[in-house]
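What follows is calculated from the coordinates using simple rules that are stated; it is not laboratory data. Predicted model only: the values in this text are computed from it and were never measured. Cβ: placed from backbone, ideal geometry, glycine included. Neighbour counts: every protein chain shown.
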Amino acid sequence: MSTPAPGTEILTMAQDSAPYGLTQRLIAEVFGTFTLVFGVIGTALYASDNTGFLGVALAAGLAVLAAAYTVGHISGGHFNPAVTVGAAAAGRMPWRDVLPYIVAQLVGGLVATTLLFAIAANGPDGFLSAAQEGGFASTGFDNLSPDGFGLIAVLLVEFILTAVFLYVILGVTAPGSTTAGFAPLAIGLALVLIHLVAIPVSNASVNPARSVATAVYGGTDALAQVWVFLVFPILGALVAGFTYRMLFAERRAVAAGAPRRR
């Protein structure tokens with residue numbers, strides 16, 4: 001059996017025939033989600049005063065890029081419950097693996113924020129209390145939105161941008177994609193763009209594991225609002241997953257001269 005080009009295996013290799021067992025894939029998802037959350041939230045907590053929104057957005061893209069190239073060939077490189085659900089909806093992985101993947105992603109995110117909390121606790125006087133009073137980089141609306149956006153704006157941004165993210169992922173990892181070997185780069189850059197749009201509005205989730213991980217340390221308001229970042233990224237991912245083949249795959253086949261299935 002031929003080995004897929006680097007990057008093309010992400011989200012395209014059927015999990016039933018993957019050369020890695022479920023335990024290995026779950027460990028990869030813990031590692032990847034940990035890397036993503038630790039990088040993004042660490043930048044937001046410790047460096048954003050110097051880098052602004054751009055630094056946090058770049059951290060998201062760089063973290064996903066590094067993690068995807070490191071373990072994407074093992075687990076598919078999801079690192080995000082919405083990506084896992086969207087991949088299953090698109091037929092890229094079996095539904096039976098969705099719940100274990102999500103649990104692994106939640107664990108990875110929570111380990112990341114727990115360690116960041118421990119680091120903050122040993123920081124300058126008042127640093128931890130200030131971080132928690134600010135929501136510990138949690139996502140949210142109204143008082144937790146960086147620029148004060150309301151619920152409707154936040155749920156629209158999270159739904160739309162998660163759907164866009166899934167379309168990008170499914171497109172660049174599809175069989176025959178012109179981006180073979182560069183899928184993690186395209187996905188990482190897409191995540192930078194998404195964060196640049198979403199940070200002022202919602203503090204940028206598009207990832208339920210990221211939002212749960214920060215809400216645990218962000219206080220009662222963050223916990224009360226976290227449902228938005230569970231429901232609407234998942235809905236956006238489901239819409240993208242279920243519609244991807246109808247919108248793009250069939251057109252690609254026709255454009256390549258392949259007969260349309262009847």
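Just to be sure I understand: if I project the alpha-carbon convex hull of the stretch 150-254 onto a plane and average over all orientations, what area do I get in nm²?
On the way: hull surface 28.4 nm².
Average projection, Cα convex hull of the stretch 150-254: 7.1 nm².
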- Query: Roughly what angle does helix 98-121 make with the longest principal axis of the chain, taking Cα atoms, 0 to 90 degrees, to the nearest 10?
  - Reply: 30
- Message: With angles folded into 0 to 90 degrees, how steeply does helix 208-218 sit against the dominant principal axis of the chain? Use alpha carbons for both and round to 10.
- Response: 10
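For the chain, what does the equivalent ellipsoid look like in terms of its semi-axes, each the square root of 5 times an eigenvalue of the Cα gyration tensor, given largest first in whole Å? Intermediate values should be presented prior to the final figure.
Working: eigenvalues 206, 76, 49 Å².
Whole-Å semi-axes of the equivalent ellipsoid: 32, 19, 16.
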- Take the chain, connect every pair of alpha-carbon atoms lying under 10 Å apart with a spring to form a Gaussian network, then pick out the residue of S75, S145, S205 with the largest mean-square fluctuation. S145
- Neighbouring Cβ atoms within 10 Å as the yardstick, rank M246, M93 fewest first. M246, M93
- Message: Please give the Cα centre distance for the stretch 73-98 versus the stretch 32-67, rounded to the nearest Å.
- Response: 23
- Item | Degrees between helix 228-244 axis and first principal axis of the chain (Cα, 0 to 90, nearest 10) | 10
- Query: Of L99, V197, F248, whose Cα points farthest to the positive end of the dipole of the chain (charges on the beta-carbon: +1 Lys, Arg; -1 Asp, Glu; origin at the Cα centre)?
  - Reply: F248
- Query: So how do R25, R245 line up by other beta-carbon neighbours within 10 Å, fewest first?
  - Reply: R245, R25
- Karplus-derived HN-Hα couplings along the stretch 78-92 (A = 6.51, B = -1.76, C = 1.60, θ = phi - 60°), whole Hz, x at Gly and Pro: 7, 6, 6, x, 5, 5, 4, 5, x, 5, 5, 4, 8, x, 8
- Mind ranking 95-103, 223-231 by how tightly packed they are, going by the mean number of other C-beta atoms within 10 angstrom, highest first? 223-231, 95-103
